[in-house]
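Working notes, structure below.
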Amino acid sequence: MRSIVGGMALELRHLRYLLAVAEHGNFTRAAEDLHISQPTLSQQVKQLERTLGVQLLDRSGRAVRLTDAGEAYADHARRALRDLAAGERAVHDVRDLSRGQLRLAVTPTFTAYLVGPLAAALHARHPGIALTVAEMTQDRIETALLADDLDLGIAFTGPHLPGITADALFSEALGLVTGVGHAGLVGGDPLSVRDLGELRLALLTADFATRGHIDGYFALHGVSPRIAVEANSVQALTEIVQRAPLATVLPDAITHEHPGLVPVPLEPALPRRTVTLLSRADAYRSAAARAFARLAREYVGGRPYAPAP
């Protein structure tokens, strides 16, 4: 794309060069990332500044930063590049789904029970669609959706960033779990929340949305948990509680499909939470994204998940 400003033809590379310098805060690292020489990069950015008649970068400090004018221009540049990328995907979108691309991100607990079946179903029905899956926290998912780095996300309902649309999929239940060999820790009767503080627990780390949900339950009932292990992997927790006399909290969907885990009834039960399909409100929804959304609803509708409120 080329635009004539002040007699000079501005091209997409000028926008990309400026944004790269702003991101790295350094001409040398930005040039390396762009695979061009540092003098060439510096010359192109200065050419852009001369054409616009304003200084876009403050080069006086240790790190190169955008000026106020640069911030304003960079915001429009990012938006323009994002819209052009969306336009390219729209042009190449194939309605018969013989080919396509889907960029999906999920919060970590879903990799243990939901992503595998959904990916398998998508491949079986539409083998020409290339699926990219990333695992990240919900705030990163929403930021990436707004930046057009993702097409869809699977996370939870709650406060969302402006511009994010959340479509409810199902209601997820969480429960206390221990290993088959350690079920004697709690006996067969429901465990009172007052006695929960006596158990030694293995829990997800604090950056997980699931951990925040669990901590909220503890706080509501005045329980101070005895946390013996923290892990940033659901798979690690399932392995740990099978081998050590500990308990953990997991989605019921994981527990029901894992023969080495035993649910421990809690009184009162942990509150449910709503699983949602996230997207950018004004984003172009490709045929692949629409097909995945339909498939996800079909899958959860055929499973013993509670419907979303």
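Just so you know, all these numbers are worked out from the coordinates, no wet-lab data involved. Here the structure is a predicted model, which means the values were calculated and not measured. As a convention, Cβ positions derive from the backbone with ideal geometry for all residues, glycine included, and neighbour counts pool all protein chains shown.
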Running a GNM on the chain with Cα contacts under 10 Å, which residue among 271, 159, 190 ends up with the highest mean-square fluctuation? 159
Crossing angle, helix 209-220 versus the chain [Cα axis fit, 0-90 degrees, rounded to tens]: 50
Angle in degrees between helix 68-92 and the longest Cα principal axis of the chain, rounded to the nearest 10: 70
Got a sec? Charge dipole of segment 222-278, +1 on Cβ for Lys and Arg, -1 for Asp and Glu; which of 260, 234, 276 is way out at the positive end? 276
Only one of the listed values, (1) 177; (2) 191; (3) 134, was derived from the coordinates as volume of the Cα convex hull per residue in Å³; which label is it? (1)
Hz values of 3J(HN,Hα) by residue in segment 242-252 - Karplus curve (6.51, -1.76, 1.60), Gly and Pro given as x: 6, 10, 10, x, 10, 10, 9, 10, 9, x, 4
If one takes the longest principal axis of the Cα atoms in the chain, at what angle in degrees, from 0 to 90 and to the nearest 10, does the Cα axis of helix 287-301 lie? 10
Which order do 240, 254 fall in if you start with the one that has the fewest other Cβ atoms within 10 Å? 240, 254
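Quick check on the chain: helices-only [θ] at 222 nm, where DSSP H runs of length 4 and up contribute -39,500 (n - 2.57) each and the sum goes over total residues. Nearest 500, please.
On the way: 11 runs with 127 residues, N = 309.
Dividing the helical sum by the residues of the chain leaves -12500 deg cm²/dmol.
So, with +1 on the Cβ of K and R and -1 on the Cβ of D and E, and no other charges, what is the size of the charge dipole of segment 2-90 about its Cα centre, to the nearest 20 debye?
100
Jot down the per residue volume, in cubic angstrom and as a whole number, of the convex hull over the alpha-carbon atoms of segment 174-271.
86
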Please order 299, 73 by the number of other Cβ within 10 Å, starting at the fewest. 299, 73
